[in-house]
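Just below is one structure, and these are the notes that go with it.
What follows draws every value from the coordinates through simple rules; no lab data is involved. What you are looking at is a predicted structure, and each value in this text was computed from that prediction instead of being measured. With ideal geometry, Cβ positions are generated from the backbone for all residues, glycine too; neighbour counts draw on all protein chains shown.
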Amino acid sequence: MSIKDRMSGNEAIAYAMKQIEPDVFAAFPITPSTEIPQYFAQYVADGKVSTEFVTVESEHSSMSACMGAQAAGCRAVTATSSAGLAFMYEMLYVVASARLPVTLACVNRALTGPININNDHSDSMGARDSGWIQLYAENNQEAYDNYLQAMRIAERPDVRLPIMICQDGFITSHAVENILLETDEKVKAFVGTYEPENYLLNPDMPLAVGPYDTCPYYMEHKVQQAQAMKNAKQAILDVAADFERTFGRRYGLIEEYCMEDAEAALVLIGSTAGTARACIDEMRREGKKVGLIKIRSFRPFPAEEIAKALSGVRAAAVMDKSEGFSGCGGPVYAETCAACITLPKVPKLIDVVYGLGGRDCRMEDIRRVYDHLYEILETGETGPVYLHMGQRSNEKEVL
């Protein structure tokens, strides 16, 4: 039976780490993920885990240490945010190309500059094409549950890719919520042990990790990585199905809310989903057919699932909590447009960039987006498709 408790998102991640008891935790602090290694260091000091806790001099070093540990045949984990993730940038690609299933807890925070320590998704979105699986949590429960599923997804032989478990900085990471925890025994049984196929400390099969890859081989290895990311989609679904059988909580690649008859919908990631649901409930009572698609897995991107969910919708707003600087919208919008392009009838799509640097998003803001979609439906004119919501300006906002 699940254990009822109250925890912050950071504490929940650290508790999941304690239950799994990885072999190595390479740590360097950065707000707002610092609490994760703090909590875990206390578990180490109290003798509750046998994990080798390695304090390093930078985030680049922490990912390097994780790579070495994972290549040696260990389970390696770390946690970071914002500029810390950016400092790991080189190693993110190296770890992914080496097919080492490191697990990283990413507590999403805006990237400098200007200097800002509050939440948006610019850090992990900046690393979206580095070859890492990315799962995003709406709340503390989902952060905990995603972490319990992470290693089984990443370590599957047909996947073997590193994985980021993302949650919204301060909003999720520091807020205390009711949560259902599982027993250590059940968690260990569910996650299982790490059984690497090849590893540096195997005397029967010498190998090199991270060698120079010349042009006759490089592209073939990239194609293998690409196939592994495709395979990760089924791995996420398979592990989620076993998680539901074991613990009773259901997850998928996306989560649909009131989409059965929706004519106007939002597509978004993270904690804003809770605010959107509250707004949907209110608008549904008023007779408005509005719905929500929450993306849990951004890598691999659930293109077919999103296209199917939007196939009956007349207008949709994709809400990006990061700026793409593409001149035409954010990353979630670009991916969603690409997913819908083959639909027989493509809904009218707009992008709403919001919440940058921790700018608040309230129920009334979500309602403004839905109201704008209804204006599009009434006039038949999409108007500007690349919008920013919530910024101060002398000009009247479109939304």
- Note on the structure: With a Förster distance of 56 angstrom and the Cβ-Cβ distance between Asp204 and Thr342, calculated FRET efficiency to the nearest 0.05 equals 0.70
- What is the distance, in nm, between label points placed 7 Å from the Cα along the Cα-to-Cβ direction at Glu260 and at Glu52? 5.4
- Task: Report the one residue of Tyr147, Thr80, Phe243 whose Cα lies farthest in the direction of the positive end of the charge dipole of the chain (charges on C-beta: Lys and Arg +1, Asp and Glu -1; origin at the Cα centre).
- Result: Phe243
- Query: Label Asp23 and Ala241 with points 7 Å out from Cα along Cα→Cβ: what is the distance between them in nm?
  - Reply: 3.0
- Message: Could you order the peptides 195-207, 36-48 from most to least packed, using the average number of other C-beta atoms within 10 Å per residue?
- Response: 36-48, 195-207
- Rounded to the nearest 20 debye, dipole of the stretch 1-154 from Cβ charges on Lys, Arg, Asp, Glu: 240
- Subtracting the Cα-Cα distance from 0.36 nm times the residue separation, let me have the gained length for Ala334 to Glu304 in nm, one decimal. 9.4 nm
- Message: How tilted is helix 331-340 with respect to the longest principal axis of the chain? Cα atoms for both, answer in degrees (0 to 90, nearest 10).
- Response: 70
- State which entries of Lys188/Lys294; Lys48/Lys233; Lys230/Lys294; Lys4/Lys188 exceed 26 angstrom in Cα-Cα distance in the structure shown. Lys188/Lys294; Lys48/Lys233
- Task: Please report, in debye to the nearest 20, how large the charge dipole of the chain is about its Cα centre when each Lys and Arg carries +1 at its beta carbon and each Asp and Glu carries -1 there.
- Result: 420
- Note on the structure: Farthest towards the positive end of the dipole of the chain, among Ala228, Gly287, Val191 and with Cβ unit charges of +1 on Lys and Arg and -1 on Asp and Glu, lies the Cα of Gly287
- Based on the Cβ-Cβ distance from Tyr93 to Ser393, what FRET efficiency comes out when R0 is 41 Å, to the nearest 0.05? 0.60
- Query: Cα-Cα over 24 Å: which of Lys222/Lys321; Lys321/Lys345; Lys18/Lys186?
  - Reply: Lys222/Lys321; Lys321/Lys345
- Along the stretch 130-135, Karplus-curve 3J(HN,Hα) (6.51, -1.76, 1.60; θ = phi - 60°) to the nearest Hz, with x for Gly and Pro, reads 7, x, 8, 5, 10, 10
